[in-house]
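Visitor: Got a structure for you, written out below as structure tokens; questions coming shortly.
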Amino acid sequence: MSVRRGRGRTGVRRYVNVVNLGALMLVAVTALPLLWMAVTSFKTARENGTLPPTLVPHHPTLANYRQALGSAGFDGYLLNSAVVAVSATALVLGLGLFAGYALARMPMRGRGPVMTALLMISVFPTIAVVTPLYLVERQLDLLNSYWGLIIPYTAFHLPFAIWILRNSLLGIPYELEEAATVDGAGPTRTLLSVILPQARPALFTAGVFTFTATWTEFLMALTFNSEDAYRTVPVGIALFSSQYEIPYGTIFAGAMAATVPIALLVLVFRRAVLSGLTDGAVKG
């Protein structure tokens, strides 16, 4: 019996197991919608209306991309999304680093309730606060502006960043801070010169998730910015539809163009993101 347990699986049985099959199903569920979006973006309008739908375009075309990227205002939508997403991500990382350091290192009362409140805020549904936020922004004259999206995006994604950064900072040895203190460094200098280089994986993780969430957010962008000059990519793509027509090819082509920055961001920083997620999962 002990000999059998010590033997490893060989051949097909080595790869066919519950874990691998579950991972394969998860990849399929995640990738198939993206694959269908990519395929549809290369179909003609006539082929997109055929039943049953075709899995491979019979006559691939780039007309949908020319129409989407050449439409009036699309380059402005991309610029607006970039300004809002980059600004919100920078604020989240800056504030999250200091807050995470304080919660991980500084002695304070009520740390448990603070962490619980942050967790509750991070899972709070956006649709529940859109109406009161709209009224507040109207009173503060923040509607139809970049700050009208940057501020709520920062508020909503900051708790997640604090959680990730705080758990990562807990794993950094205290000896590094003690050595910096002996050399005369204060808390801010220690954080920026000693702790920050050690927290890069967690920063990349929080940054990628924040940028992705703000780049693709739709509800608040649609509600707070009604002027075309401040619309973001998700809202701009939704406006491709008209009263009598839904140009699926053009919509999916615009969505594919908007997905490229996120895909590149994830591919470039994938190792750092995985490392940051691992630190946040096993520490704290």
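The values are calculated or read from the model by the stated rules, or taken from the named source; none is laboratory data. Quick caveat, the model's predicted, so the values are computed rather than measured. No Cβ is skipped: glycine too gets one built from the backbone with ideal geometry, and neighbour counts run over all protein chains shown. In case anyone asks, the SASA skips ligands and DNA or RNA and just uses the protein heavy atoms, side chains included. Shrake-Rupley method; radii C 1.70, N 1.55, O 1.52, S 1.80 Å.
Visitor: For n ≥ 4 DSSP H runs only, could you compute -39500 (n - 2.57) per run for the chain, divide by its residues and tell me the 222 nm figure to the nearest 500?
Guide: Helices in the chain give a 222 nm mean residue ellipticity of -22000 deg cm²/dmol.
Visitor: If you don't mind, there's one more thing I want to ask. What size of dipole, in debye to the nearest 20, comes out for the chain about its Cα centre when the only charges are +1 on Lys and Arg C-beta atoms and -1 on Asp and Glu C-beta atoms?
Guide: Magnitude of the dipole: close to 1540 debye.
Visitor: Mind running the shape call on region 38-123? Use the C-alpha gyration tensor, a ≥ b ≥ c as the square roots of the eigenvalues: rounded below 1.5 for a/c, prolate if a/b tops b/c, oblate otherwise.
Guide: It is prolate, given that a/c is not under 1.5 and a/b is the larger ratio.
Visitor: Pop out the ³J(HN,Hα) list for region 127-142 in order, Karplus 6.51 cos²θ - 1.76 cosθ + 1.60 with θ = phi - 60°, rounded to Hz; leave Gly and Pro as x.
Guide: 5, 6, 10, 5, 5, x, 5, 4, 5, 5, 5, 5, 5, 8, 6, 9
Visitor: Tell me the carbon and sulfur percent of the accessible area for the chain, rounded to whole percent, probe radius 1.4 Å.
Guide: 68 percent
Visitor: Another question about this same structure. Taking Cα atoms of region 133-196, Rg/Rh with Kirkwood Rh, to two decimals?
Guide: Checking Rg against Rh, the ratio lands at 1.26.
Visitor: Something else now. Rg and Dmax of the chain, using alpha carbons, in Å: what are they?
Guide: 23.7, 75
Visitor: Would you mind pulling out the separation of the Cα centroids of region 42-71 and region 127-161, in Å?
Guide: Distance between centres, Cα-based: 37 Å.
Visitor: How many Å² of accessible area per residue for the chain, probe 1.4 Å?
Guide: Solvent-accessible surface per residue comes out at 60 Å².
Visitor: Label region 25-181 by shape, choosing from rounded, prolate and oblate, from the square roots a ≥ b ≥ c of the eigenvalues of the Cα gyration tensor; if a/c is under 1.5 it is rounded, and otherwise prolate applies when a/b is larger than b/c, oblate when it is not.
Guide: It comes out prolate by the Cα gyration axes.
Visitor: While we're on this one: Taking 0.36 nm per residue of sequence separation and subtracting the Cα-Cα distance, how much length would be gained by fully extending the chain between H59 and V19, in nm to one decimal?
Guide: Once the chain is fully extended between H59 and V19, it gains 10.5 nm.
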